[in-house]
Amino acid sequence: MDYLESPMRRWVTLYIPLLCFLVILLFPFYWMAMTSFKPNEELVSRAANPFWIVQPTLAHFERLLFTTAYPQWMWNTILVSVVATFTSLAASVFAAYAIERLRFRGSKQTGLAIFLAYLVPPSILFIPLAAIVFKLGLFDTRWALILTYPTFLIPFCTWLLMGYFRSIPYELEECALIDGATRWQILVKIILPLAVPGLISAGIFAFTLSWNEFIYALTFVSSSENKTVPVGVITELVEGDVYHWGALMAGALLGSLPVAVLYSFFVEYYVSGMTGAVKE
Amino acid sequence: MAAVTLNQVRKSFGSTPVVHGVDISIDDGEFCVLVGPSGCGKSTLLRMIAGLEEASGGEMRIGARVVNDVAPKERDIAMVFQNYALYPHMTVFDNMAFSLKLAHASREEIRQRVDEAARILGLTEYLGRFPRQLSGGQRQRVAMGRAIVRKPQVFLFDEPLSNLDAKLRVQMRTEIKALHQRLKTTSIYVTHDQIEAMTMADKIVVMNGGKVEQIGTPLELYDDPDNLFVAGFIGSPAMNFIPGKFTAGGIVAAGNVTLSAPAGVPLESGREVIVGVRPEHLMVSDAGLPAEVVVVEPTGADTQIYCRIAGVDVTAVVRERHTFRPGETVRLAPQLTFLFDPASGQRLA
């Protein structure tokens, strides 16, 4: 990388663009964090510095945690996301493996159909899904979300895992077949251990999608104790035209922490999952 | 250990036939090499024996048992793949123990068999390593170790040395042969390298275009090829072919060069033939045919002379030390010739 050698060049080609990126990416988070610790007087004052806090306060967090059902929303979100992610992942592993490796008649078309299903926007799909949720008597339960989230998670994870499984050499399976393994043993002992980075990145994606999901959570759940964080925060911290900005931002901040923590733990797997590489 | 018998085995992919009715019988304990150019169906044949491809017709037997519809794991075979196919997430020990674990062998037995195989292959100190921490040759040994721990009836090798560098290939070739002499397990080995075939095989099956061209011991194929293909494929450098016409006085090639015909060949005069001469059967002699030297390549032990006889590019290998220069004319006398029919490629004499 000789072209990066001179310090001046390094600044122009590397650090300044990186800095711009960082500022643009992190500013919303900064704003969110600022607002959630700012007392209301400073929030509405024209004289106060909008980018800084003079007297930080935990009042918004207190309001959020003790006067709303936020802990319950958080619990709902965790429960729905985890269960939906794991069931979707399990279904996707079987689907992707079958499509990619069993090569049954019509497997390609099946793969394509699953992908097309992902392209149907939730804003269309929620109407028929609402009818089904009603008929099944699941309206206003967490099950409504746990069972509907896989409609977009499974296509997504299947597609991602298909690509990952494709990168695992076919000979490994043939070799295992001769070694005496059954299909199930091949999947469990050879393919899945090798696909861990793919599984982790699919899992993180699925978890994030479920965590942030809004439209199904808004339509299929109405009582406060069953709401998820994104819906709860919006519906209960906006009263008419009054926005409780401090509490809203505190809710958003707390709500984004678990996903951020998850990403930071698995970032390496996540990258190799996206680039798909099995090294021998 | 078991004999392997193929009877009119066929394979088509869709409507494209790739193996056309192959008959091969491999004796118990024999080392059989399937050799041929790429796309000749040799790997497909091996994969059918392994059960990784279904035969479209014919019968395959391992021992007395017909295995056409038997699952790979029930065939009691072990296969070594070209890219080794080692499980990347398992240590060398686990790679070798995998099949035994699946067969529910006892812990002591697994340990004992893996240790024994590792000792034979010189892998004892690498048992705790992962495949990515090994060199190409070591990986190849692990792949073989994985095959031998199972003590199968038949070993199948699918171009196992292709990914190694030239020096290691020669070394592993000897190791595989020594291993076979020690274990005496029936082995079927696929390669496109005729030198590998010649040096390792008890029996060679030369394949071309999905058909068997000839089956025999290495020297049988070398000394007595059935057709142009086998004659040209076996031997390095390859046999020279000079087209000509059969006459009473000999075989007349282009430029009125006359080659002597093998004795006692009942052919009608005027018949088109192809004369085959191995490079090592061309001797420098005053009574020989005039040849124009193009390139001279001394290798130390012998010298390869690329030249033109009767307008045809010909290679000669001579052991004596001559100093020929390009453009010079030398005289080369064929010591031993083969005659082939140009239309069918079959050997005439």
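The values are calculated or read from the model by the stated rules, or taken from the named source; none is laboratory data. Because the structure is predicted, anything quoted here is derived from the model rather than measured. Here the Cβ is made from the backbone with ideal geometry for all residues, glycine too, and neighbour counts use every protein chain on show.
State the number of residues belonging to the stretch A:184-196 that are out of contact with any Leu (no Cβ under 8 Å at 6 or more places or on another chain) and either closer than 11 Å to B:Lys73 by Cβ or within 9 Å of chain B (Cβ to nearest Cβ) (or both).
Total satisfying the criteria: 3.
Do we find that B:Arg129 is in a loop (DSSP other than H, G, I, E, B), among the charged types (D, E, K, R) and either within 14 Å of chain A (Cβ to nearest Cβ) or out of contact with any helix residue (DSSP H, G or I) (no Cβ under 9 Å at 6 or more places or on another chain) (or both) in this structure?
The answer is yes for B:Arg129.
Against the condition among the hydroxyl-bearing types (Ser, Thr, Tyr) and over 19 Å from the mean Cα position of the chain (by Cα), how does B:Ser56 come out, does it pass?
Spelling it out, B:Ser56 is indeed among the hydroxyl-bearing types (Ser, Thr, Tyr) and over 19 Å from the mean Cα position of the chain (by Cα).
Please verify whether the stretch A:66-77 includes one or more residues that are more than 25 Å from the chain's Cα centre (by Cα) and either surrounded by fewer than 12 Cβ atoms within 10 Å (Cβ to Cβ) or on the phi > 0 side of the Ramachandran plot (or both).
yes
Any residue that is under 15 Å from B:Phe157 (Cα atoms), buried (at least 19 other Cβ atoms within 10 Å of the Cβ), in contact with a Leu (Cβ under 6 Å, 6 or more places away or on another chain) and not aliphatic (A, V, I, L, M) - is there at least one of those in the stretch B:25-40?
no
For the structure I just gave you, tell me whether A:Ile204 is more than 10 Å from every other protein chain (Cβ to nearest Cβ), in contact (Cβ under 8 Å) with a residue 12 or more places away in the chain and either not charged (D, E, K, R) or not in a helix (DSSP H, G or I) (or both).
In short, yes.
What is the residue count in the stretch A:1-40 for residues that are among the aliphatic types (A, V, I, L, M) and either under 25 Å from the mean Cα position of the chain (by Cα) or under 30 Å from A:Pro56 (Cβ atoms) (or both)?
Of the stretch A:1-40, the ones among the aliphatic types (A, V, I, L, M) are A:1, A:4, A:8, A:12, A:14, A:16, A:18-19, A:22-26, A:32-34.
With the extra rule that they be either under 25 Å from the mean Cα position of the chain (by Cα) or under 30 Å from A:Pro56 (Cβ atoms) (or both), the set shrinks to A:18-19, A:22-26, A:32-34.
Qualifying residue count for the region: 10.
Does the stretch B:68-78 contain any residue that is buried (at least 16 other Cβ atoms within 10 Å of the Cβ), under 15 Å from the mean Cα position of the chain (by Cα), within 26 Å of B:Arg139 (Cα to Cα) and among the basic types (Lys, Arg)?
no
Out of the residues in the stretch B:239-269 that are modelled with pLDDT under 80, more than 21 Å from B:Val314 (Cβ to Cβ) and in contact with a strand residue (DSSP E or B) (Cβ under 7 Å, 6 or more places away or on another chain), state the one that is surrounded by the fewest Cβ atoms within 10 Å (Cβ to Cβ).
B:Gly249
If you take the residues in the stretch B:220-249 that are among the polar types (S, T, N, Q) and in a strand (DSSP E or B), which one is nearest to B:Leu348 (Cα to Cα)?
That would be B:Asn227.
Within the stretch B:266-276, track down each residue that is among the hydrophobic types (A, V, I, L, M, F, W, C) and over 8 Å from B:Phe246 (Cβ atoms). Step through it out loud before you land on a result.
Of all residues in the stretch B:266-276, those among the hydrophobic types (A, V, I, L, M, F, W, C) come to B:267, B:273-275.
Scanning the stretch B:266-276 gives B:Ile274, B:Val275.
Are there any pairs with C-beta distances below 6 angstrom linking a residue in the stretch A:246-257 that is within 15 Å of A:Gln72 (Cα to Cα) to a residue that is among the β-branched types (Val, Ile, Thr) and outside any helix (DSSP H, G or I), with the two at least 6 apart or on different chains, and if so which?
Between residues of the stretch A:246-257 that are within 15 Å of A:Gln72 (Cα to Cα) and residues that are among the β-branched types (Val, Ile, Thr) and outside any helix (DSSP H, G or I), there is no close pair.
Quick grid of which residues meet (1) without any contact (Cβ under 8 Å) to a residue 40 or more places away in the chain; (2) basic (Lys, Arg); (3) outside the structural domain of B:Cys32 (by TED's automatic domain parsing):
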site: B:Glu196; (1), (2), (3): no, no, no
site: B:Ile204; (1), (2), (3): no, no, no
site: B:Pro218; (1), (2), (3): yes, no, no
site: B:Asp223; (1), (2), (3): yes, no, no
site: B:Phe229; (1), (2), (3): no, no, no
site: B:Val257; (1), (2), (3): no, no, yes
site: B:Val265; (1), (2), (3): no, no, yes
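Let's see how each residue does on (1) within 14 Å of chain B (Cβ to nearest Cβ); (2) within 21 Å of A:Ile204 (Cα to Cα); (3) buried (at least 21 other Cβ atoms within 10 Å of the Cβ); (4) not hydroxyl-bearing (Ser, Thr, Tyr):
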| residue | (1), (2), (3), (4) |
| --- | --- |
| A:Val83 | no, yes, no, yes |
| A:Ala91 | no, yes, no, yes |
| A:Ile124 | no, no, no, yes |
| A:Ala144 | no, no, yes, yes |
| A:Leu153 | no, yes, yes, yes |
| A:Tyr170 | yes, no, no, no |
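Could you grab me the full set of residues in the stretch B:1-35 that are free of Cβ contacts under 8 Å to residues at least 40 places away in the same chain and assigned to a loop (DSSP other than H, G, I, E, B)?
Passing the criteria: B:Gly14, B:Ser15.
Hey, does the stretch A:161-170 have a residue that's under 18 Å from the mean Cα position of the chain (by Cα) and of a type outside the set (Lys, Arg)? I'd like the intermediate steps shown before the answer.
Pass one, the stretch A:161-170, residues under 18 Å from the mean Cα position of the chain (by Cα): A:161.
When the remaining residues are screened for being of a type outside the set (Lys, Arg), the result is A:161.
Yes, the stretch A:161-170 has at least one match.
How about the stretch B:176-196: which of its residues are more than 15 Å from B:Leu46 (Cα to Cα) and not acidic (Asp, Glu)?
Answer for the stretch B:176-196, where residues must be more than 15 Å from B:Leu46 (Cα to Cα) and not acidic (Asp, Glu): B:Ile176, B:Lys177, B:Ala178, B:Leu179, B:His180, B:Gln181, B:Arg182, B:Leu183, B:Lys184, B:Thr185, B:Gln194, B:Ile195.
Name the residues in the stretch B:175-194 that are part of a helix (DSSP H, G or I), touching a residue at least 40 places away in the same chain (Cβ under 8 Å) and of a type in the set (A, V, I, L, M), would you?
Scanning the stretch B:175-194 gives a single hit, B:Leu179.
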